[in-house]
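Colleague: Before I ask anything, let me first share the structure, which is written out below as structure tokens.
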Amino acid sequence: MSDYGHELWFGSFITPAARPPQAPVELAQTSERAGLDLVSFQDHPYQSAFQDTWTLMSYVAARTERIRISGNVLSLPLRPPAVLARAAASLDRLTGGRVELGIGAGAFWDGIVAMGGRRLEPAQAVRAVEEAVDVIRGLWATDETGPLRVTGEFYTVNGAKRGPAPAHRIPIRIGAYKPRMLRLTGRIADGWLPSLGFLPEGPASLRAMNEQIDEAASAAGREPAAVSRLLNLSGRFTSGAGGLLQGTPGDWAEQIADLALQYGVSGFILASDEPADLNLFGHEVAPRARELVQSERVT
């Protein structure tokens, strides 16, 4: 078992569709009304059928009151980290501390290059993420004296003034699947954010991947539990059990509780653009899964 003891929370993963432009905003509001804790959006700036994710997040922040907001995950090669740091801190201050940061090393490199980004090899992409996190956290660190200086292979900041500070400590989560990025996540990240559909062996993949994160965290002098484990989910609600995330809300709750207790996942994010699914996830799945996990933990 790899239960890290974290409190469970639940979110939505909404397509930032450009048409109609208000559709993802309405789904974010549905997520909030359903009691979900977070609303998130994928980030593919080279995809003309999508709205710009950061602009959408900002608009959604103004149209909601409680729910936290995140990219899932932001495309780092097209989001300069110094600018991203200021944007995240600003939106966090404006929302009273509702911003979270998910970042990725980059995918769909042809699209990234078409938008003016630089194509990176896998090892380069890992180093770029590490440098970016240094820049972001450095600009947020207003309690440190002097301007920020980071001299990296991919990102350089030469005397930038620090600030503004976010309203709260914004968690930085990394979308990671391969060993080098998993080890980086263990060393420096606040959280790990993969998608269940991309795990080669489904949930069984989580055990070995968790171990890589844990080992890297321990080697860096961190507690493995300092890295929260999130998971993007997709499935279908049905009237009877039909496999993983293919069943009633009660079936979903039992399977999610197992993912929490066996693999340490504490953040469950449903990829769906269907209001009915978001309502079932928030009103029925989430409270039942919390009850199941709490009951198991106290016995």
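The values are calculated or read from the model by the stated rules, or taken from the named source; none is laboratory data. Not measured: the values here are computed from a predicted model. Every residue, glycine as well, gets a Cβ built from its backbone with ideal geometry; the counts of neighbours run over all protein chains shown. Note: accessible area is taken over every heavy atom of the protein model, side chains too, but ligands, DNA and RNA are not part of it. Shrake-Rupley method; radii C 1.70, N 1.55, O 1.52, S 1.80 Å.
Colleague: Could you list all residues from the range 95-114 that are touching a Pro at 6+ places or on another chain (Cβ under 6 Å), on the phi < 0 side of the Ramachandran plot and outside any helix (DSSP H, G or I)? Can you show your working first?
Modeller: So the first thing to find is which residues in the range 95-114 are touching a Pro at 6+ places or on another chain (Cβ under 6 Å), and the list is 100, 106, 112.
Narrowing further to those that are on the phi < 0 side of the Ramachandran plot: 100, 112.
Listed by number, the list holds a single entry, Glu100.
Colleague: Going residue by residue through the range 48-60, is there one that turns out to be closer than 28 Å to Ala216 by Cβ, without any contact (Cβ under 8 Å) to a residue 60 or more places away in the chain and not β-branched (Val, Ile, Thr)? Talk me through it step by step, then tell me what you get.
Modeller: Initially, the range 48-60 is screened for residues closer than 28 Å to Ala216 by Cβ, giving none.
Scanning the range 48-60, I find no residue that is closer than 28 Å to Ala216 by Cβ, without any contact (Cβ under 8 Å) to a residue 60 or more places away in the chain and not β-branched (Val, Ile, Thr), so the answer is no.
Colleague: Let me ask something additional. Which count do you get for residues in the range 242-271 that are assigned to a helix (DSSP H, G or I) and in contact with a Gly (Cβ under 6 Å, 6 or more places away or on another chain)? Show your work before the answer.
Modeller: The first filter runs over the range 242-271 and keeps only residues assigned to a helix (DSSP H, G or I), leaving 249-263.
Then keep just the ones that are in contact with a Gly (Cβ under 6 Å, 6 or more places away or on another chain); that gives none.
Selection size over the range 242-271: 0.
Colleague: Restricting to the range 228-287, name every residue that is under 18 Å from Pro24 (Cβ atoms), open to solvent by 50 Å² or more (accessible area, probe 1.4 Å) and among the charged types (D, E, K, R).
Modeller: Within the range 228-287, Asp273, Glu274 meet the criteria.
Colleague: State yes or no: is Ser239 hydroxyl-bearing (Ser, Thr, Tyr) and under 30 Å from Asp190 (Cα atoms)? Working first, answer last.
Modeller: Values: hydroxyl-bearing (Ser, Thr, Tyr): yes; under 30 Å from Asp190 (Cα atoms): no.
It is false that Ser239 is hydroxyl-bearing (Ser, Thr, Tyr) and under 30 Å from Asp190 (Cα atoms).
Colleague: Quick one: Asn210 ticks every box in (1) of a type outside the set (Phe, Trp, Tyr); (2) more than 30 Å from Arg119 (Cβ to Cβ); (3) assigned to a loop (DSSP other than H, G, I, E, B); (4) open to solvent by less than 30 Å² (accessible area, probe 1.4 Å) except a single one, so which number is it?
Modeller: Single failed check for Asn210: (3).
Colleague: Out of the residues in the range 169-199 that are assigned to a helix (DSSP H, G or I), under 23 Å from Gly235 (Cα atoms) and of a type in the set (A, V, I, L, M, F, W, C), state the one that is most open to solvent (accessible area, probe 1.4 Å).
Modeller: From the range 169-199, those assigned to a helix (DSSP H, G or I) are 179-188, 196-198; that's our starting set.
With the extra rule that they be under 23 Å from Gly235 (Cα atoms), the set shrinks to 196-198.
From what's left, of a type in the set (A, V, I, L, M, F, W, C): 196, 198.
Values: Leu196: 22, Phe198: 149 Å².
The qualifying residue most open to solvent (accessible area, probe 1.4 Å) is Phe198.
Colleague: Sticking with this one: Scan (1) closer than 28 Å to Asp214 by Cβ; (2) touching a Phe, Trp or Tyr at 6+ places or on another chain (Cβ under 7 Å); (3) outside any helix (DSSP H, G or I) for the single condition Val135 breaks and write down its number.
Modeller: Unmet condition: (3).
Colleague: If only one of Ser239, Ser218 is without any contact (Cβ under 8 Å) to a residue 40 or more places away in the chain and not in a helix (DSSP H, G or I), which one is it? Even if it seems obvious, please write down each step before you answer.
Modeller: Values: Ser218 fails: not in a helix (DSSP H, G or I).
It is Ser239.
Colleague: Related question: Exactly one condition in (1) open to solvent by 60 Å² or more (accessible area, probe 1.4 Å); (2) under 22 Å from Pro179 (Cα atoms) is false for Gly116; which is it?
Modeller: (2)
Colleague: Quickly run through the range 221-236 and pick out the residues that are out of contact with any strand residue (DSSP E or B) (no Cβ under 8 Å at 6 or more places or on another chain), assigned to a loop (DSSP other than H, G, I, E, B) and within 18 Å of Gly264 (Cα to Cα). Give the derivation first.
Modeller: First, the residues of the range 221-236 that are out of contact with any strand residue (DSSP E or B) (no Cβ under 8 Å at 6 or more places or on another chain): 221-226.
Next, from what is left, pick out any that are assigned to a loop (DSSP other than H, G, I, E, B): 221-223.
Arg222, Glu223, listed by residue number.
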